[in-house]
Every structure is written in structure tokens, then in C-alpha cells.
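Everything below concerns the one structure shown next.
The values are calculated or read from the model by the stated rules, or taken from the named source; none is laboratory data. All figures in this text were calculated on a predicted structure; none of them were measured in a lab. Note that each Cβ is placed from the backbone with ideal geometry, even for glycine, and that neighbours are counted across all protein chains shown.
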Amino acid sequence: MKLSGIRVLDFSRFMAGPLVSAIMADHGADVVKIEPPEGDPTRGGRRTRPHQHAGDSFSVLNRGKRSVVLDLKQPVDRAYALQLIRDADVLIESFSPGVTARLGIDPATALELNPRVVYCSISAFGQSGPLRDAAGHDPAVQALAGILSRGRDDAPAIASVSTASWGSALSALAGVMMALVAARATGRGDHLDLSMHDVALSARPGAIFDALDNDVASPESPHGHAILEPYRTADGQWLCVGAGEPRFARALLDALGGPHLVDVALGKPGAAQDPLRRFLSDAFSRRPLAAWLEWMAAHSISCAPVLDYAQALKHPHVSARGMVMIDAAGLRHLNTPIRFAREPGEPDLHVPRLGEHTQAVLAGLDNT
């Protein structure tokens, strides 16, 4: 696999950091997850399967890793951590800024011990700036970055996806891989300071481009483009229309008998599109979802049913893409979305118990 031979030390918890190392583990990296004696907090999360020994989120984000318990406040365990750093290619941590210095595993110490290590710090607001020491969970980071959506009553709406955390994980992965390429060429590692807030600021390129040139940003309309919204069908289901391109908009409205609304569809979003919204809402309410899907396909118009996760996983396309894996016990797991023609990822579905690999990993250290 692509990352075979890469050793990753993962000191991170919760979502962003563990997702980085989980993706690397799926593609062959040897990930050693360093946990405190009480374990990653997500170990105690909701469990939905029989005989499950760790929470759902932990199980997804930490499969295929080796769990080593170290109390970094204790000199002996800190010494073990430093020995592990000497042999690592990548170190990922998500402590609050300043904590690694107190624990003696900060970037300067790590790079002095191992000049080729790629050290990745993930925090809410980064290692510098006035908010450096502020706590920040995903919704608060999104709010401060200006990316919370607005509902129809203009109230801020929390998205179902942890945008800042998920985006930070992918940004951190890209940064780590860039630094690994450079380290292979030069023998010198680096410190990646990854701020969730920085990443969130970059999540809406068009809006940020507009705001950079204006003291007051253009107001976000709670009503987007009517031809890019979900509508309820006759059987109470929902159909999301994706007719954003002019040719799709014209094809849709011509077929529905509303060619006079094409200019509205392609015009400014917001309340000005309410007549089109009413037209589409009335039209889609007349047939069940299955009939509309067939009709839209016949007219080559982009659309999709609005599914929940359970329904999405049963879609034939998901099966055809091999995105669901079955383990020896017949349980389903999500495959890696990064698909290579050569050396594809082979996720190890084993979820480590707390400290399961402590003895084996520490016994293998070179004590010279």
C-alpha cells in the first residue's frame, strides 16, 4: 500500500486528528495511538452493535491502529514517548497550544530528536494569535469564521456535518503528505500549525472573495436558487433538484410548462425566486418520488432523492463502488474513499482495546 513503512504517532483525540491518521492507516501506515490511562474520550460514546467495546465514533476513526497507554505527566512514560518520536515519520497532536511544551514533546524537542519528523498540530485557532488559548468546538469555530448557514427565519443553523473538523482533517492530511515528500527529498521535517478556524475561513471561496473587497459582506440569502433546492413529492418524500446550469434550468422549466420562469431561475437568488419556488413546489407535489426520478432521468435533468444515512448506504451505486465492506462477523463497515488503481487501501477493521499494544510496542524500542 502507498504508506507501508510510514510510522505515525497519534496523540490526538476526538475527530480531526484521528481522522488524519485513520486515512493513513487505511493505506498502510503503522499508526500508534498514544492514549492517556483513561483513554480517548470517544471510547465511551454511543455503542450501537452487540459486544462493541468502544463508541461508534472511536471505532470508525481508530480502526487499524495500535493503542499504547502512556501517562505523559510521568517521567518514565514521557521518556517512552520521546523514544517513539525518534523512530516516527509523522506525529499528530491536538492538545491545546502550550500543552506539548509542558509535557516535553513540543515541536522543537521532537525535531531536535528526529530532524526528519513531520509534526502536525491541530487546534481550534492555531498556535498563535489572540485566540490561541481559547477553547473552540466545531459550531463555535464555524460561527466565528462566518460560515454558519441561515434558515428561512434568518436564524443561524447548525449543519449536520462538522465542517471545520472534517475540513481540517483533510487539510492536515494534505499538509502532512506535502511535508513527507519534502522530508524524503531533504531529510528535514517540519511543523504544521493547522487551525480549524483558518480552514473554516476557506470553506466558501466565492463568499470570502466578495467579503475581502467589502467592509460589509453581501448578506447571505436564506433562500438560495430555487432550482437547487429540495421539494416534497406526492408521497411525502423529498426530491432535491440540481438544475443549476442554464441548460438544465431551461430543460426542466420547458418540460414543466414554465419557460417564462427561466430568467427568474437564472437570476439573483433569494425572495425574487419565490414565484419559481411556488411553481416547482406545486408541480412536484403532484407525483410520487419514484415517478419524478423516472421523469427527470428521461429528460436528462440532474436530481436526487433526499436520503438518510441508512438509505444512502443501500443505494446500488454505493455497492457498485465497493464503499461498504463486510467483516468476518457479517458486520458492515465503510471503505476508504481514496481509491487507487495500484496499491489500493486495505482497511484493517480491528478496533484496538485501550492499551492493547502497549507492551509489544514498548518492548520493541531501542533502549540504546
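Arg278 meets each of the listed conditions (1) under 22 Å from Val60 (Cα atoms); (2) exposed (fewer than 14 other Cβ atoms within 10 Å of the Cβ) apart from (1).
Being more than 24 Å from Val90 (Cβ to Cβ) and either touching an Asp or Glu at 6+ places or on another chain (Cβ under 6 Å) or among the charged types (D, E, K, R) (or both) holds for only one residue in Asp198, Asp154, and it is Asp154. Where strands (runs of 3 or more DSSP E) fall wholly inside the range 286-368, the ranges with 3 or more residues that are within 30 Å of His51 (Cα to Cα) are 324-326, 332-334.
Considering only residues that are polar (S, T, N, Q) and either modelled with pLDDT under 90 or surrounded by fewer than 17 Cβ atoms within 10 Å (Cβ to Cβ) (or both), which ones fall in the range 184-217? Of everything in the range 184-217, those that are polar (S, T, N, Q) and either modelled with pLDDT under 90 or surrounded by fewer than 17 Cβ atoms within 10 Å (Cβ to Cβ) (or both) turn out to be Thr186, Ser202, Asn214.
Among the residues that make up the range 128-143, is at least one of them in a loop (DSSP other than H, G, I, E, B), closer than 28 Å to Asp106 by Cα, more than 15 Å from the chain's Cα centre (by Cα) and at pLDDT below 85? Checked the range 128-143: at least one residue is in a loop (DSSP other than H, G, I, E, B), closer than 28 Å to Asp106 by Cα, more than 15 Å from the chain's Cα centre (by Cα) and at pLDDT below 85.
Considering (1) crowded, with 20+ Cβ neighbours inside 10 Å; (2) among the hydrophobic types (A, V, I, L, M, F, W, C); (3) modelled with pLDDT of 90 or more, the lone condition that Val181 does not fulfil carries the number (1). When Ala88, Ala16, Ala54 are checked against the criterion of being assigned by TED's automatic domain parsing to the domain that holds Glu356, of a type in the set (A, V, I, L, M), touching a residue at least 24 places away in the same chain (Cβ under 8 Å) and over 25 Å from Thr163 (Cα atoms), Ala88 stands alone in meeting it. Scanning the range 150-178 for residues that are among the polar types (S, T, N, Q) and either surrounded by fewer than 13 Cβ atoms within 10 Å (Cβ to Cβ) or over 27 Å from Ser57 (Cβ atoms) (or both) yields one hit, Ser160. The listed residues are Val262, Val306, Val318, Val241, and the only one of them that is among the β-branched types (Val, Ile, Thr) and touching a Lys or Arg at 6+ places or on another chain (Cβ under 9 Å) turns out to be Val262. Condition (residue is assigned to a strand (DSSP E or B) and over 20 Å from Asp348 (Cα atoms)) applied to the range 66-89: is it met by at least one residue? Yes - at least one qualifying residue is present in the range 66-89.
From the list Ser168, Ser94, Ser121, the lone residue that is within 30 Å of His333 (Cβ to Cβ) and out of contact with any helix residue (DSSP H, G or I) (no Cβ under 6 Å at 6 or more places or on another chain) is Ser121. Every test in (1) in contact with an Asp or Glu (Cβ under 8 Å, 6 or more places away or on another chain); (2) part of a helix (DSSP H, G or I); (3) in contact (Cβ under 8 Å) with a residue 40 or more places away in the chain is passed by Ala182 save one, and that test is (3). Taking the range 257-297 as the range and being within 18 Å of Gly244 (Cα to Cα), of a type in the set (Gly, Ala, Ser) and within 35 Å of the chain's Cα centre (by Cα) as the test, the residues that pass are Ala265, Gly267, Gly270, Ala271, Ala272, Ser281, Ala297. Restricting attention to the range 176-203, the residues that are touching a strand residue (DSSP E or B) at 6+ places or on another chain (Cβ under 9 Å) and of a type in the set (Ser, Thr, Tyr) total 1.
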